[in-house]
Amino acid sequence: MKYYCALVLMAAACASPEPRRIDSQIRSQGMEASYWDVDSNSDSETSRRLVTREEFFPDDEVPRGDYSDPDKPNPHPDPDNWAAHHVARVIRAMVAPESWRDPRRALYVEKDALVLRHSIPVMERAHQLMDVLKSHRNHMVAYTVRPLALPTSGQLPVDRMGKIQGGLAGVFDSKDLRSLDPRSFHLGDGRPGVPRSTLFVGQAGHFLIQETKVILEGYTLDGSAQIGVIKPGMTLQMRGIPNGRESKSVLIDLSLECRDFQGMRHLEVGVGKIQRPQLFVTQLAGRFVLAPDQALLLVPDPSSARQPWIEALILEVELIDLDE
């Protein structure tokens, strides 16, 4: 049996319904510590060779790649060493990721094996992560995202959110977040607006939540119009693994780009008008552990918003056993 990565593209061509104002606040929950972010500053150092044999993945598994950049599809993996390259990407991304920038540390592929040089705590976690990937080879991680409009004037309807790069983030009870604005969970035409993507454990993927606007960029020498396209919205990139060998929680490494359309400038040129879109771009990034029945709320920096409402994002994850 073969399983394939399902990527979701939701075009928000219809206008979102007017959000309702929130009269009460919901409080964030404590977040479980990441099992895979260990102290990488130890002076101890060792090298190890780890072999990724064929039984690492199901017998009929096709070469597995990442789906982390919507504009740059990955080349077809080499069938002779794709498993080793896949595991190397997961280890670099999920085990003490900042530490791999140290020139004393190394992780590379030789044929079907990984060669690692790092501190002993990180080496131990890397070996444990390989065991987790093997034991979860028939599991997948299901991601569900929900765009949500929040007011920028006054206090946000959520409490105790933490600062991250580019904005705010908090872990909440899933039911509490769904109570914020049920109408924001639907597209303007009434269809459920809940994109869902299913990826293998450790595999990277992305969501696109955007609309497409056609603009007049300029003119050729013969006077023909040059048409361009802009894509306001959000791009979420994520990768998830169990937060430990027996854990039901999921550690997610993610980044979120928010492109907020602020308006259009119309400029007069010799042959006519051209359009210059005004987009405000915010980048959010972080690592979060979500337990079952928890959800993550990501909010771009409210102080940078140019509108009375700001587009936020709710993310839920679930480990799925394909054998059940």
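Rule-based calculations on the coordinates, nothing more; no lab input. The shown structure was predicted, so the numbers you read here are calculated from the model rather than taken from an experiment. Please note: Cβ atoms are built from the backbone with ideal geometry, for glycine as well, and neighbour counts cover all protein chains shown.
If R0 is 41 Å, the Cβ-Cβ spacing of K273 and W309 corresponds to a FRET efficiency of close to 0.85.
For the cross-link pairs K175/K248; K175/K231; K134/K231; K231/K273; K111/K248, which exceed 29 Å when the distance is taken from alpha carbon to alpha carbon? Long pairs (Cα-Cα over 29 Å): K175/K231; K134/K231; K111/K248. For the pair K134 and R160, a Förster radius of 45 Å applied to the C-beta separation gives a FRET efficiency near 0.75, rounded to the nearest 0.05. Subtracting the Cα-Cα distance of V281 and I120 from their residue separation scaled by 0.36 nm leaves 54.0 nm.
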